[in-house]
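A short write-up of the structure that comes next.
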Amino acid sequence: MTRKFHDLLVHNEECVEFGEKELGYFKVHGKDVNYVEKGYKTDKNKINILEAGDLKRNKKIIRTNNADVLLNPVEPDERPFDTSIAEIARENDVAVAITLKKLLEYRGTDKIKYFRSLQYLGKILRRRKCPLIITSGAKEKLEMRKPMDLASIAHIAGYSKEEALETISNNVEKINTIKNDRK
Amino acid sequence: MNKKPFPSTLKEKNRYMLIKIHSNQKISRNQLIKEIWRSAFENLGALNISESGLWLMDFNEEEQKGILRTNNKKQQEVRIMLTLINNIGNKRAFISIEKVHGTLKKSRKQLKITEKEGK
């Protein structure tokens, strides 16, 4: 069975076209995704991706009714994610997503600290069986990557090759089906 | 005195990655090499680079495609390192791995480079 690769979050229609035609994605999610940076204005008909904040805010976010994905709960200096949040996320069918765009922002020691936090996140998510999604979060087409290259980010979090491939295929499809069931 | 031949079981298995550069401007071979080494030192470190046997074998500047050699055991690390490149010579660009081959001959066939040109 061939895998179908998805990129969950891009901010540009040009990226959707580039990803599906040139990079070999099955689907790049553009308009069917609702990205919520601040506040809690979720949309019932779309996949709601909520940007993470501190520990307190993250706990609040994953308890909201229409939350589907918690985005970037990783910081170089602090850990805005713990086992209790992972437990609630699993119960509420909320996945955790990491964007490549944020990873590329860091240099030097900050990058090392970010990798360390990512490894910590990976350990918790695997233990609590909470799904991880890797996405580009691209605002322009040169911020995108091929599916296999994007999946390799999961290796930093300690995922095996098979688990890493699931972060861009099965885990995204699961979120889609859960969303459709909720409707 | 004749030296004993190197045992074949200890021989490293290489992988040849067919890479493609996506950018709005053309990237030269030197710029690419500089960026690969910079990213390798930043993300892998000297120890991992030495174990990976990283080397740019060929690069076609017109097609912006090339062949990168690495060890089979460090393939994933090299892939991560290439994914984390987003600038080459102050130009916005990214590197994608098109295919991985076990022999240089196959890789060159894909890139349409004859062995003489490669050397």
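How much area per residue is accessible in region B:14-118 when the probe is 1.4 Å and only protein heavy atoms are counted (Å²)?
Values: 5400 Å² over 105 residues.
I get 51 Å² per residue for region B:14-118.
The alpha carbon gyration tensor of region B:50-119 gives principal lengths a ≥ b ≥ c with a/c of 1.5 or higher and a/b no greater than b/c, which makes the shape oblate.
Burial annotation for region A:96-111: residues with an accessible-area loss of at least 30 Å² between the isolated chain and the complete set of protein chains, computed on heavy atoms with a 1.4 Å probe, are A:L104, A:R107, A:K111. Amide H contacts for A:N48 (H built 1.01 Å from N in the peptide plane; partners 5 or more residues away or on another chain; cut-off under 5 Å): A:N34, A:D68, A:V69.
Using the rule -39500 (n - 2.57) for each DSSP H run of four or more residues, divided by the residues of the protein assembly as shown, the 222 nm mean residue ellipticity is -11500 deg cm²/dmol.
Given R0 = 45 Å, the distance between the Cβ atoms of A:R63 and A:E22 translates into a calculated FRET efficiency of 0.70.
Say R0 is 30 Å: what FRET efficiency, to the nearest 0.05, do A:E87 and B:E42 get from their beta-carbon distance? Working shown, then result.
On the way: r = 36 Å, r/R0 = 1.19.
Efficiency, rounded to the nearest 0.05: 0.25.
Solvent-accessible area assigned to carbon and sulfur over chain A amounts to 46 percent, based on a 1.4 Å probe.
For region A:34-139, which GluC sites (Glu not before Pro) are both in a DSSP coil and crowded by at most 16 other Cβ atoms within 10 Å?
Details: sites: A:E37, A:E51, A:E78, A:E87, A:E91, A:E105; in loops: A:E37, A:E78.
When the GluC sites (Glu not before Pro) of region A:34-139 are filtered for loop state and at most 16 Cβ neighbours within 10 Å, A:E37, A:E78 remain.
Scanning residues 5 or more positions from B:L54 or on other chains, none has an amide H under 5 Å from its amide H, with H placed 1.01 Å from N in the peptide plane.
A simple spin-label model places pseudo-atoms 7 Å from Cα toward Cβ; at B:E51 and A:T2 they are separated by 3.6 nm.
Inter-part distance, region B:28-106 to region A:98-154, computed on C-alpha centroids, equals 20 Å.
Excluding residues on the same chain fewer than 8 positions from B:K73, give the lysines whose Cα lies under 17 Å from its Cα. The reachable lysines, counting only those whose Cα sits under 17 Å from B:K73, are A:K161, B:K11, B:K13, B:K99. For region A:110-183, GluC sites (Glu not before Pro) are listed when DSSP marks them as loop and at most 14 other Cβ atoms sit within 10 Å of their Cβ; the list is A:E140.
Taken one residue at a time, the phi angles of region B:20-34 give Karplus couplings (6.51, -1.76, 1.60, θ = phi - 60°) of 10, 9, 9, 7, 7, 10, 6, 10, 8, 4, 4, 4, 5, 4, 4 Hz. Gly and Pro are set to x.
On association of chains A and B, roughly 1800 Å² of accessible area becomes buried (total for both chains; probe 1.4 Å).
Mean projected area of the convex hull spanned by the Cα atoms of chain B, taken over all viewing directions: 8.8 nm².
Partner aspartates and glutamates whose Cα lies under 15 Å from the Cα of A:K179, excluding those fewer than 8 positions away in the same chain, are identified as A:D32, A:D43, A:D68, A:E91, A:D93.
The contact residues of region B:31-46, meaning those that lose at least 20 Å² of 1.4 Å-probe accessible area when all protein chains sit together rather than their chain alone, are B:E42, B:N43. Are there trypsin sites (Lys or Arg not before Pro) in region A:1-96 that DSSP marks as loop and that have at most 14 other Cβ atoms within 10 Å, and which are they? Hits after loop and neighbour filter: A:R3, A:K4, A:K31, A:K38, A:K41, A:K44, A:R63. When region A:31-143 is described by a simple charge dipole with +1 on each Lys and Arg Cβ and -1 on each Asp and Glu Cβ, the residue from A:L70, A:T83, A:I47 located farthest towards its positive end is A:T83. Only protein atoms count toward the accessible area here, which uses a 1.4 Å probe; on region B:14-118, the carbon and sulfur part of that area reaches 47 percent. Close lysine pairs were tallied over region A:47-121: pairs 8 or more places apart or on different chains with Cα atoms under 20 Å apart number 4.
The values are calculated or read from the model by the stated rules, or taken from the named source; none is laboratory data. The structure displayed is predicted, hence computed values, not measured ones. Cβ: placed from backbone, ideal geometry, glycine included. Neighbour counts: every protein chain shown. What goes into the accessible areas is simple: the full protein's heavy atoms, side chains included, and nothing from ligands, DNA or RNA. Shrake-Rupley method; radii C 1.70, N 1.55, O 1.52, S 1.80 Å.
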